[in-house]
1. Within the stretch 78-89, restricting attention to residues that are out of contact with any Gly (no Cβ under 9 Å at 6 or more places or on another chain) and open to solvent by 50 Å² or more (accessible area, probe 1.4 Å), which residue is nearest to D188 (Cα to Cα)?
2. Quick check on my filter: what residues within the stretch 61-95 are over 21 Å from G33 (Cβ atoms), among the β-branched types (V, I, T) and outside any loop (DSSP other than H, G, I, E, B)?
3. Only residues that are β-branched (V, I, T), outside any loop (DSSP other than H, G, I, E, B) and open to solvent by less than 40 Å² (accessible area, probe 1.4 Å): list them for the stretch 314-331, please.
4. Looking only at the stretch 464-472, decide whether some residue is surrounded by fewer than 17 Cβ atoms within 10 Å (Cβ to Cβ) and touching a residue at least 40 places away in the same chain (Cβ under 8 Å).
5. Residue check: is A120 in a loop (DSSP other than H, G, I, E, B) and of a type in the set (G, A, S)?
6. Quick one: which strands (runs of 3 or more DSSP E) sit completely within the stretch 367-475 and have at least 3 residues that are modelled with pLDDT of 90 or more and under 30 Å from R354 (Cα atoms)?
7. Can you tell me which residue in the stretch 126-136 is surrounded by the fewest Cβ atoms within 10 Å (Cβ to Cβ), limited to those that are closer than 15 Å to V103 by Cα and over 52 Å from the mean Cα position of the chain (by Cα)?
8. With part of a loop (DSSP other than H, G, I, E, B) and open to solvent by 60 Å² or more (accessible area, probe 1.4 Å) as the only criterion, which of P305, P335, P311 stands out?
Amino acid sequence: QLHSDQDKGDGSLKYILSGDGAGDLFIINENTGDIQATKRLDREEKPVYILRAQAINRRTGRPVEPESEFIIKIHDINDNEPMFTKDVYNASIPEMSDVGTFVVQVTATDADDPTYGNSAKVVYSILQGQPYFSVESETGIIKTALLNMDRENREQYQVVIQAKDMGGQMGGLSGTTTVNITLTDVNDNPPRFPQSTYQFRAPESTPLDSPVGRIKANDADMDENAEIEYSITEGDGYDMFGITTDKDTQEGIITVKKALDFESKNLYILKVEATNTHVDPQFLYLGPFKDSATVRIQVEDVDEPPMFSRPAYIMEVKEDVPLNSVIGTVTAQDPDAAKNPVKYSVDRHTDMDRVFNINSGNGSIFTSKPLDRETLLWHNITVIAAEINNPKQSSRVPVFIKVLDVNDNAPEFAMLYETFVCENAKAEQLIQTLSAVDKDDSYNGHQFSFSLAPEAASSSNFTLQDNRDNTAGIFTRKTRYNRHETSTYFLPVVISDNDYPIQSSTETVTIRVCACDHRGKMLSCNAEALIHPTGLSTGALIAILLCIIILL
């Protein structure tokens with residue numbers, strides 16, 4: 001209530017109010033000066049109101065006293081419950097954590113006045129989540145309360161925390177929040193095979209690097225803590241098989257490293273070990289983080305094609321061998337236990353001319369046509385061996401046949417010799433040097449001998465000298481020749497080799513008589529002019545002239 005000393009109680013004064021909330025929150029009885037609140041006041045909205053009051057003459061409207069200021073303070077009551085900063089908290093801790101491990105801190109605030117009583121004094125307690133977790137009453141820190149909490153047994157926990165004001169006393173207001181706690185995985189579980197022995201079967205024809213079977217060790221952990229590496233530690237198939245890890249399924253894939261053979265060995269026993277790749281030293285006391293199992297692999301018999309005794313055969317035969325002569329034998333056997341009989345044949349795509357044939361029963365190869373080393377030195381054929389009972393089971397082997405040389409070719413001139421002699425030639429003058437070739441092979445080099453044919457040895461106008469180096473020279477026997485008497489001489493020359501049996505041939509050297517100058521340069525011949533001392537044949541000259549004419 002406001003009261004002025006000038007108020008006589010006769011109603012001549014009027015009280016007016018201004019400032020915070022005047023006329024809205026606060027009204028004043030203009031006659032009595034009583035101030036009343038029109039609404040419920042909330043300290044948390046506005047704790048202090050500053051008002052100004054004045055008494056004025058009702059008739060003149062003039063103030064009778066100076067304006068007075070007064071403050072209204074709102075006293076707090078406990079009308080606000082504690083509020084958590086989050087409706088839901090999410091937290092995680094590693095499984096197997098020690099008791100007292102920090103999990104998360106929750107915080108609640110109270111809008112009441114912390115300086116007035118215990119209205120804003122908050123105390124935390126746990127409503128749900130015991131005996132696994134606890135909370136510190138003053139700080140709101142949640143800690144683990146139970147030893148060896150195992151994620152593999154339970155992964156999720158829901159904890160309800162209460163915050164109560166008034167220091168937790170009776171009558172205090174409270175609020176709650178939910179904390180979802182997840183146990184994260186640690187590597188506390190070793191891998192374990194669900195069975196001690198595994199059985200697999202593999203055909204002996206299984207290709208290399210092909211899978212034989214899969215095994216899996218179970219690990220209750222997850223992600224990298226459950227990653228497993230498999231290895232073969234011992235066994236009679238240690239070098240025959242390998243094992244790799246399927247990163248997606250964590251299975252061990254057993255594969256073939258070497259070719260299997262049922263006839264050699266039909267059972268392999270392996271010891272396979274599964275080991276964690278990421279071991280936590282903190283949990284080594286739980287035991288070795290590995291396990292082993294026995295794997296038995298039974299090799300199954302498969303009908304295999306015959307196998308040759310060699311991967312390839314090389315044979316030699318002389319070119320003069322009689323027809324149907326055996327030059328060699330190939331051998332193949334059925335590797336299966338049944339030992340099925342085998343028949344042989346020649347792949348005719350490799351012997352289109354049917355030069356060779358084979359005995360289908362014993363594999364002996366023989367000639368069916370004459371051979372000529374000078375035509376073809378090597379014959380490369382393919383022999384097929386197939387099971388008689390199952391011809392689809394077949395295999396092939398290359399056979400390389402080398403034809404050996406025999407002296408069956410006579411030596412001959414290296415080229416066609418046509419030369420000339422000058423009319424004014426002198427005796428014992430060299431007019432041509434001869435050389436020879438032989439199609440036959442000579443391991444020590446060819447040695448040819450040259451001589452004039454018997455019919456020309458005594459009556460010839462020329463002589464022949466063997467140089468003993470596979471060449472020979474033709475010399476004039478007389479001085480001067482007359483092209484009008486004899487324009488051309490045909491000189492028969494016998495060439496022999498020194499191989500066995502000796503082969504010889506008679507070749508002819510054509511010698512024309514030509515007119516020459518004093519230097520021995522040819523000017524003209526009787527029948528045709530030779531324009532070059534080396535001697536171009538008539539046919540060659542005609543061919544050259546025809547080419548020139550065509551070009552023109």
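1. V88
2. Selection gives V88, I93.
3. V317, I327
4. No.
5. yes
6. Correct list: 378-387, 394-404.
7. So, considering only residues that are closer than 15 Å to V103 by Cα and over 52 Å from the mean Cα position of the chain (by Cα), the one surrounded by the fewest Cβ atoms within 10 Å (Cβ to Cβ) is P131.
8. It is P311.
The values are calculated or read from the model by the stated rules, or taken from the named source; none is laboratory data. Computed from a predicted structure; not experimentally measured. Note: ideal-geometry Cβ built from the backbone for every residue, glycine included; neighbour counts use all protein chains shown. For accessibility, only protein heavy atoms count, side chains too; no ligands or nucleic acids. Shrake-Rupley method; radii C 1.70, N 1.55, O 1.52, S 1.80 Å.
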